[in-house]
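Where a number appears in this text, it was derived from the coordinates with a stated rule and is not lab data. It should be emphasised that the depicted structure is a prediction, and the values quoted were computed from it without experimental measurement. All Cβ positions, glycine included, derive from the backbone under ideal geometry; neighbour counts span all protein chains shown.
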Amino acid sequence: MKACGGAYTPEQRRKHFITGPQWAGAYDGSALFHAPTRKPVSFEKVIEFYGKLGIRTWATHDTDVIPAKALGTDRQVEILDKIKAALKKADVTCSMVTTETFHHAVFATSPASESPEIREYASWRLVNTVKMGHELGANYAVYWPGSLGYYVQGAVEETETLKWYAEGLNAACEADIKEAKKRKRNTLKHCLEAKPFEPQAEILLPTSDAMLGFIDSGLLKYPEMVGLNPEYLHELMWGTSVRAALARALLKGKLFHFDINDGYRLKHDVDIAVGLVNPLDWLNVLVLLRSHGYEGPFNLDYKPPRTTSNFGVFEVSFPTAVDRFISLWEMAGEVLSDPIINEATAALKGGGGVKKSIDPEEIFKANKELHTLHELIAHRLFQILCGFHTGRSYSIG
């Protein structure tokens, strides 16, 4: 177990913008059909462990650390003071805050409910979280509208619901502008997180592309403040290419934040740790992000398995998750500098040398041998992933 706990030092891990969420470290193994398998863990303990591991930033939902009834009260102030003390002691900072608008029974019809008092409460929660973020020194606010949808057809009028949801985000951005000015800080980056399936039967903003359309819909007063927090598995779940979804966000300049985990296509949200299911796909994702200079957070939005003990969560699960990510990140750097891949890519971009031809057969014949390089590049990526490019090989006895 000690050997599997990770190969990088805390100092090496701190060089990367890896965020440890409160909910991941405190996850007790419970689920819809499963009882807890671990004892509860306080935010003080989670932050302490992250600091020791070398995870330099922490993130939280509002109600991960503050009971719903204590939000906006003196008790909230007391808890935030304790969080700040724990962060300082562990040499960890808060990078992101998010509002829980899906678990509490009040959000059964979503934060954009037909009920005006529910919408008013939801907006207040968003504003309160923005103020929490500034108090804790965060730079990002994430919104997961998982309950924005319906169970049965005809129950909601979708255009109205989307307008009501925009009103809540507008309130959050307006509060952010005022709070940032008062504290002489930059405004937060507001990040929308899409998910195609559950908890509602039909989700109104199920994909990152849907989120991009929503941002450009004209409903938001401050669209420049709002971008995306794609989650790897959320994009994979509906069958898309995660890398292609990220590319579209990059082209729009809207990739603000990235939740990292792993899982399976067309399945439920298992939130497995990064690289345990799709390591080659993950390598390709990180090649894309490195090539575009992405410098935002990589948020460890995964669930340590129910089979893992409390001890194992922090001594095995988190160290190995972080170190797999770093290893894949370093491999992505190798890919970008690899002479074979670069030569093959340059040859493909150079084309077959036909000048100003409109004869498709001539163009095809000039390029057909070059196109075999697509498979060569894919094989080279596999070699780098498995270490074959450094001389590792297997022999058949």
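Could you tell me the distance between the Cα centroids of the range 61-75 and the range 329-397, to the nearest Å?
What the calculation gives is 54 Å, centre to centre.
Grab the Cα-Cα distance for residue 248 and residue 336, subtract it from 0.36 nm times how many residues apart they are, and report the gain in nm with one decimal.
29.6 nm
Could you work out how much longer the chain between residue 354 and residue 48 gets when fully extended? Use 0.36 nm per residue separation minus the Cα distance between them, nm to one decimal. Provide the component values of the computation, followed by the final result.
Numbers: separation 306, 0.36 × 306 = 110.16 nm, distance 6.27 nm.
Taking 0.36 nm per residue and subtracting the Cα distance, the gain is 103.9 nm.
By average Cβ neighbour count within 10 Å, what is the ranking of 353-363, 34-44 from highest down?
34-44, 353-363
Counting only Cα, what are the radius of gyration and maximum Cα-Cα distance Dmax of the range 268-332, in Å?
Computed over the Cα atoms of the range 268-332, radius of gyration and Dmax are 12.7, 38 Å.
Taking every pair of distinct Cα atoms and averaging 1/r, then inverting, what Kirkwood hydrodynamic radius in Å comes out for the range 25-122? Mind dumping the intermediate values first?
Values: mean 1/r = 0.0656 Å⁻¹.
With all distinct Cα pairs of the range 25-122 included, I get 15.3 Å.
Using Cβ contacts closer than 10 Å as the measure, can you line up 374, 257, 103 from fewest to most? Present the calculation step by step, with values, prior to reporting the outcome.
Numbers: 374 10, 257 26, 103 13.
Ranking 374, 257, 103 by Cβ neighbours within 10 Å, fewest first, gives 374, 103, 257.
On average over all directions, what projected area in square nanometres does the range 79-187 have, based on the convex hull of its Cα atoms? Before the final figure, lay out the partial values.
On the way: hull surface 30.3 nm².
Result: 7.6 nm².
If the only charges are +1 at each Lys and Arg Cβ and -1 at each Asp and Glu Cβ, what is the size of the charge dipole of the range 55-214 around the Cα centre, to the nearest 20 debye? Present the calculation step by step, with values, prior to reporting the outcome.
On the way: 19 positive and 22 negative charges, 224 e Å.
Computed about the Cα centre, the dipole is about 1080 debye.
For the range 140-218, take N as its residue count and report Rg(C-alpha) divided by 2.2 N^0.38 Å. Walk me through the numbers on the way to the answer.
Values: Rg = 14.2 Å, N = 79, 2.2 N^0.38 = 11.6 Å.
Compactness ratio reported: 1.23.
GNM, the chain, Cα, under 10 Å: largest mean-square fluctuation among 76, 200, 383?
383
Most mobile of 239, 54, 352 per a Gaussian network model of the chain (Cα springs, under 10 Å)?
352
Using a simple charge model, +1 on the beta-carbon of Lys and Arg, -1 on the beta-carbon of Asp and Glu, nothing else, what dipole does the chain show about its Cα centre, in debye to the nearest 20? Walk me through the intermediate numbers first.
Values: 45 positive and 48 negative charges, 248 e Å.
With Lys and Arg at +1 and Asp and Glu at -1, about 1200 debye.
Could you work out how far apart the two model spin labels at residue 114 and residue 93 are, taking each label as a point 7 Å from the Cα in the direction of the beta carbon, and quote it in nm?
Rounded to a tenth, the inter-label distance reads 4.7 nm.
P(r) for the chain: what percent of alpha-carbon pairs falls in each 20 Å bin, starting at zero?
Binned Cα distances yield the sequence 25, 54, 19, 2.
Among 234, 134, 104, which one shows the highest mean-square fluctuation when the chain is modelled as a Gaussian network with alpha-carbon springs under 10 Å?
Answer for the Gaussian network model of the chain: 104.
Compare the Cα positions of 364, 346, 381 along the charge dipole of the range 338-390 (+1 at Cβ of Lys, Arg; -1 at Cβ of Asp, Glu; about the Cα centre) and return the one farthest towards the positive end.
Of the listed residues, the answer is 346.
Just want the ordering: 167, 198, from fewest to most Cβ atoms lying within 10 Å of their own Cβ. Don't skip to the end; give the middle numbers.
On the way: 167 18, 198 14.
Starting with the residue having the fewest Cβ neighbours, the order is 198, 167.
Could you tell me how far the Cα centroid of the range 90-150 sits from the Cα centroid of the range 204-256, in Å?
18 Å
What's the angle, to the nearest 10 degrees (0 to 90), between helix 339-350's Cα axis and the longest principal axis of the chain?
80 degrees
Just to be sure I understand: of the beta bridges DSSP finds with both ends in the chain, what percent are antiparallel, rounded to 5?
On the way: 4 of 28 bridges.
Expressed as a percentage, antiparallel bridges in the chain total about 15.
Expressed as an acute angle from 0 to 90° and rounded to the nearest 10, what is the orientation of the C-alpha long axis of helix 43-53 relative to the principal long axis of the chain?
Orientation of helix 43-53: about 30 degrees from the principal axis.
Using Cβ contacts closer than 10 Å as the measure, can you line up 17, 33 from fewest to most? Please report the intermediate quantities before stating the final value.
On the way: 17 15, 33 5.
The order, fewest Cβ neighbours first, is 33, 17.
If I model a spin label as a point 7 Å beyond the Cα along the Cα-Cβ vector, how far apart are those points for residue 345 and residue 378 in nm?
Distance between label points: 1.8 nm.
For the range 45-151, which trypsin sites (Lys or Arg not before Pro) are in a loop by DSSP, counting at most 15 other Cβ atoms within 10 Å? Don't skip to the answer; put the middle values down first.
On the way: sites: 45, 52, 56, 69, 75, 82, 84, 88, 89, 119, 125, 131; in loops: 56.
Here no loop site has a sparse enough neighbourhood.
Fully extended, how many nm does the chain gain between residue 198 and residue 181 (0.36 nm per residue separation, minus their Cα-Cα distance)? All intermediate terms of the calculation are to be shown ahead of the outcome.
On the way: separation 17, 0.36 × 17 = 6.12 nm, distance 3.76 nm.
Between residue 198 and residue 181, full extension yields 2.4 nm more.
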